[in-house]
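The values are calculated or read from the model by the stated rules, or taken from the named source; none is laboratory data. No experiment lies behind these values; they were computed from the predicted model shown. Positions of Cβ are generated from backbone atoms using ideal geometry, with glycine treated the same way; all protein chains shown enter the neighbour counts. All accessible areas refer to the heavy atoms of the entire protein, side chains included, with ligands and DNA or RNA removed. Shrake-Rupley method; radii C 1.70, N 1.55, O 1.52, S 1.80 Å.
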Amino acid sequence: MKGAHCRPLVGEKDGPSGGSGLPRRLTLSVCGARHNAAVPEPSDPRFLDVLNQGHVDALRALGRTRRFGVGAPLFHEREPGEAVLVLTAGRVKLSCVTEGGREALLGIREPGDLIGEMSALDGGPRSATATALEPVEVIAVSREAFTGFLERTPGVALVLARMIARRLRDADRKRIEYLAQDTVGRVCSRLVELSDRFGEAEGGGMHIELAITQEDLAGWTGSSREAVIRALRALRELGWIETRRRGVTLLDVEQLRRRAV
């Protein structure tokens, strides 16, 4: 980024915006026109990033490479968990369907993350559906091979236990948000989280690109799509974000962060 200019969101409008100015499918652009905060360190380091090279090579040798196109499911909720997937390229969203039939977004995984480990550990069915947000490449390791690998490498098992503990803490934090925050606060929390996790330093700010939908953001915040549209409109009127046909620009990340508390 040069000066206070924000690179516009790269997105594709595939339906009406519902009056929010936000396209149904979008990527997010974060700029630093009103702040100079550094990009924070990730709170949840990637699984592969904390393994030594020997363990990474051993894990790769146990699996086979699979590739998925944009929008393709890697696996579906409730199906048997026959393999653990090590994400090596692209981003994946995890979601589940509520009793009312709505899709709830649970999280986003990126290269280096592990997907499907819960089914490998407890033998239960998939607890979520994994969908490629971008062209995705994974290493698929069978459940038996993965659990055997953990038995042989207690250090890796400890890394996995710590990763699961962090995710449980994050899930607890989000439950508190749902009880304590209104929709605007929850939307701010998710926008800030996307900024912190996927932002890249450019000049005085950060820029991220991630294709999500209005429905994804609604499901992620435990809100209706209409409530999310109203929250985005309120944030736009405050001057904290800017919506346009091609997406959303975050203009004041620090205000959004304070509103998220």
Return the pairs, sorted by first residue and then second, in which the second residue is among the acidic types (Asp, Glu), the first residue lies in the range 210-225 and is at pLDDT below 75, the beta carbons are less than 8 Å apart, and the residues are 6+ apart or on different chains. Ala211/Glu134
Does Arg230 fit the bill of being at pLDDT below 80 and either hydrophobic (A, V, I, L, M, F, W, C) or open to solvent by 50 Å² or more (accessible area, probe 1.4 Å) (or both)? no
Within the range 101-117, considering residues that are under 18 Å from Leu51 (Cα atoms) and acidic (Asp, Glu), the one nearest to the chain's Cα centre (by Cα): Glu110
With (1) at pLDDT 90 or above; (2) of a type outside the set (S, T, N, Q); (3) surrounded by fewer than 18 Cβ atoms within 10 Å (Cβ to Cβ) as the list, and Ala130 as the residue in question, which single condition is left unmet? (3)
Please work out which one of (1) closer than 30 Å to Val228 by Cα; (2) open to solvent by less than 40 Å² (accessible area, probe 1.4 Å); (3) part of a strand (DSSP E or B) is the condition Ile164 fails and give its number. (3)
The one condition in (1) surrounded by fewer than 22 Cβ atoms within 10 Å (Cβ to Cβ); (2) at pLDDT 75 or above; (3) within 26 Å of Thr98 (Cβ to Cβ) that Cys188 fails to fulfil: (1)
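Residue-by-condition table, conditions (1) at pLDDT below 95; (2) under 24 Å from Gly124 (Cα atoms):
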| site | (1), (2) |
| --- | --- |
| Ala58 | no, no |
| Leu62 | no, yes |
| Gly69 | no, no |
| Pro73 | no, yes |
| Gly81 | yes, yes |
| Leu87 | no, yes |
| Ser95 | yes, yes |
| Gly100 | yes, yes |
| Ile108 | yes, yes |
Among the candidates Val86, Val50, Val97, Val92, single out the residue that is free of Cβ contacts under 8 Å to residues at least 60 places away in the same chain, among the hydrophobic types (A, V, I, L, M, F, W, C) and touching a helix residue (DSSP H, G or I) at 6+ places or on another chain (Cβ under 7 Å). Val86
